[in-house]
1. Go through 99, 83, 110 and say which Cα lies farthest out towards the positive end of the charge dipole of the stretch 83-142; charges sit on Cβ, +1 for Lys and Arg, -1 for Asp and Glu.
2. Would you be so kind as to identify which of 182, 133, 148 lies farthest towards the positive end of the dipole of the stretch 110-190, taking Lys and Arg as +1 and Asp and Glu as -1 on Cβ and the Cα centre as origin?
3. Hey, what angle do you get for helix 70-94 against the long axis of the chain, alpha-carbon based, 0 to 90 degrees rounded to 10?
4. Along the positive direction of the dipole of the stretch 276-360 (beta-carbon charges: Lys, Arg +1; Asp, Glu -1; about the Cα centre), which of 303, 286, 353 reaches farthest?
5. Taking every Cα atom in the stretch 306-377, find the radius of gyration and the maximum pairwise distance Dmax, and write them in Å.
6. Let me know the charge dipole size of the stretch 43-177 about its Cα centre in debye, to the nearest 20, where only the beta-carbon of Lys, Arg (+1) and Asp, Glu (-1) is charged.
7. Relative contact order of the stretch 282-384: what whole-number percent is it, with Cα pairs under 8 angstrom and at least 6 residues apart?
8. Considering only 138, 166, 277, give the residue with the highest GNM mean-square fluctuation for the chain, with springs between Cα atoms whenever their separation is below 10 Å.
Amino acid sequence: MHPPATPSEPVTGHPDVLVIGGGVIGLVTAWRAAGRGMSVAVADPAPGGGAAYVAAGMLAAVTELHYGEQTLLGLNLASARRYPRFTEELEEASGQRIGYRRCGTLAVALDADDRAHLRELHALQIRSGLDSQWLAGRECRRLEPMLAPGVRGGLRVDGDHQVDPRRLASALLVACERAGVVFHRSRAERLTVEGGRARGAELADGTRVSAGQTVLAAGSRSAEPAGVPEEVRPPVRPVKGQVLRLRLPTVPAGSPPFLSRTVRAVVRGNPLYLVPRESGELVVGATSEELGFDTTVTAGGVYELLRDAHELVPGITELPLVESCAGLRPGSPDNAPLLGPTALPGLQLATGHFRNGVLLTPVTGDAMAEALATGSLPEEARPFTPQRFSRTPERREGTPVPAAEPEPAPFPEEQPV
Ligand code: GLY
């Protein structure tokens, strides 16, 4: 489907599409593109890793709603709606379970300030037409008896579910392999640009992959490969998140679980969440730190997570702590992803998913497959074109194009969660 590369260096294959980055976004792009009949290769030294390896896997379109992110809300909801069907398809294609659990979420307040924040969030959710129910503190504790006695109220959001991101990544890897996707376990060092067109990449192991179209989907590292012209280089940055994994107690059959749904709160201004999995894992997250590519787990980070989690659910201190890790969210200037064609022919982006990579996996796969097959994004993904950060003289670097949608009624500037 495209001209072969200049045979000056070792060339491996001539796929229609080379995806740079094998996290869940790169893998879903590869899998869905292969499903549309394209030949696909993925370049990543450790496919199946990336930010999703650390992520808690909350599908929190409603409880993570923020002021000014109504356009993103539409995409988040579209992806959340696709999860049941996506899960069926992926589990069928891979033969693996991905831990999609329709458990709902309870967001609670521990003091008067948190309660005021949560009231604001609730008002925003209702104005946005979302399903969210205000509960008194005692109603929260009736739902989740392990909550601290001081809980002052909360929001019950039955539509915010969870998936296990490690299982999701593992299943996507197998589904890709079964669909014929070729993996190059090496880092893409340089984008190949010839004749004003992206034509693949040179990898750290010396391989050159020539491809008809290239997708930069390397999360917070998407801006790293050399050779990407400045005007199309994605404006992404790493935002560190430290996360803990605890082991839930085994309860006798018929007894209530330790926690039956995702529980979240803002404690002293820090968002905190506890995600109980059917596998027996309890994920506690997450810090949010602008420290570049640092993934050190710090005593301070672990202390703050445990201190805040203990305030929310005092019984967690009895649980075994089995893992601590840190990942890098791919932040973008407007907290929304960059999807689809760039101004450089042959180069597309699937990056900048920030807090929502796992949630946005199904819709990203569909949107990228469509963009790779037709050159155009589907309607719901069009507001997320990389061109909104176009670095032309008329538009300053990183300045978003004004939202296509009408802005909601003015709200207070503070962000509730
Ligand atoms: N979406 C959860 C987080 O980014 O921590």
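1. Result: 110.
2. 182
3. 80
4. The Cα lying farthest towards the positive end belongs to 353.
5. Over the stretch 306-377's Cα set, Rg and Dmax evaluate to 18.7, 56 Å.
6. 440
7. 20
8. 138
Every read-out reported here was derived from the displayed coordinates using simple, explicitly stated rules and does not represent laboratory data. All figures in this text were calculated on a predicted structure; none of them were measured in a lab. FYI the Cβ positions are ideal-geometry reconstructions off the backbone, even for glycines, and counts take in every protein chain you see.
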